[in-house]
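What follows is one structure encoded as C-alpha cells, with my remarks underneath.
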Amino acid sequence: MKIITVSEFETNFDNIMDDVTYNKQFYRIQTEEGDVMLIPYESYEVLQNTYQDWVEDTKDTLKDEFDHLPIPAEYIKHAETEI
C-alpha cells in the first residue's frame, strides 16, 4: 500500500490510476477529513464478500456487541458515462 496526500493524487492522477489498474496497487489517500482508500475493484469484491460472509457467520453471536449492518460498501449504480 502506498500512502499519499490529496495534492499528490491530484498531481499524479493518471500515473496513480494506472498503478491501481495495471499493478493492482492500493493507495491510502490522506485528507484533512479522514483517509480514504483507492483499490482495484477485484480486491474490493473479495473484501466485500469476506465481510458479508463474516456478518452471516457472526450475526447471532455479535448482535448485541456490534452493529454490522448495513454492509458498509454496497453497489449503488454504474457510472453515467461508458469507459
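What follows is calculated from the coordinates using simple rules that are stated; it is not laboratory data. The structure presented is a predicted model; accordingly, all values stated were derived computationally and were not measured. Glycine also receives a Cβ, built like all others from the backbone with ideal geometry; neighbour counts cover every protein chain displayed.
Using a Förster radius of 35 Å, what is the FRET efficiency between D53 and E8 based on their Cβ-Cβ separation? Nearest 0.05, please. For D53 and E8, the calculated efficiency is 0.50. The order of V36, V20, going from fewest to most other C-beta atoms within 10 Å of their C-beta, is V36, V20.
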